[in-house]
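Heads up, the thing below is written out as structure tokens.
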Amino acid sequence: MKKLLAVFALLLVIGGGILAWYKYVRVESPKEAWLRTTAAAMLGDEQTFLAGFTEQSRPLVAGLLAHARGDDAKQSRQHPYFYLVSENLESVDVEGDTAWLKLRRQNDTGAGAKYDVPLQKVGQTWQIDALSFTGKERPAANK
């Protein structure tokens, strides 16, 4: 019985260590943050979707979500999901506490098909900065 309790206690300590590492030590990559936010949008999880944005830009995104209720996210440019849900991630460029994701609309080969999404590092994760988002590629001077 003592051996069983010792094994159980050891498993609890190992499990707790792994959980603590994932929650407090491991830094999420910009790509992982984008995938988490995009998955929340696709699943309709509004709270997790909003958590993927910086604290300053959340009220803007929440307002856009409320305004766009009933619109098709893949057709309406005013819908916050439009620029995230049906995109292909082409590259990630990290510059200190700022990351730029280069995205391309699926099946779009036009001149404005690519655009950059800025992310800011906040604690152990990355969050989309909707206030800096333009829907276009960033200027060459900022690259």
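Values quoted throughout were computed directly from the atomic coordinates according to the rules given, and no laboratory measurement underlies them. Everything numeric here is computed off the predicted structure, so don't read it as measured data. As a convention, Cβ positions derive from the backbone with ideal geometry for all residues, glycine included, and neighbour counts pool all protein chains shown.
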Subtracting the Cα-Cα distance of S29 and Q106 from 0.36 nm times their residue separation yields 25.4 nm
Ranked on Cβ counts within 10 Å of their own Cβ, fewest leading, V122, V7 go V7, V122
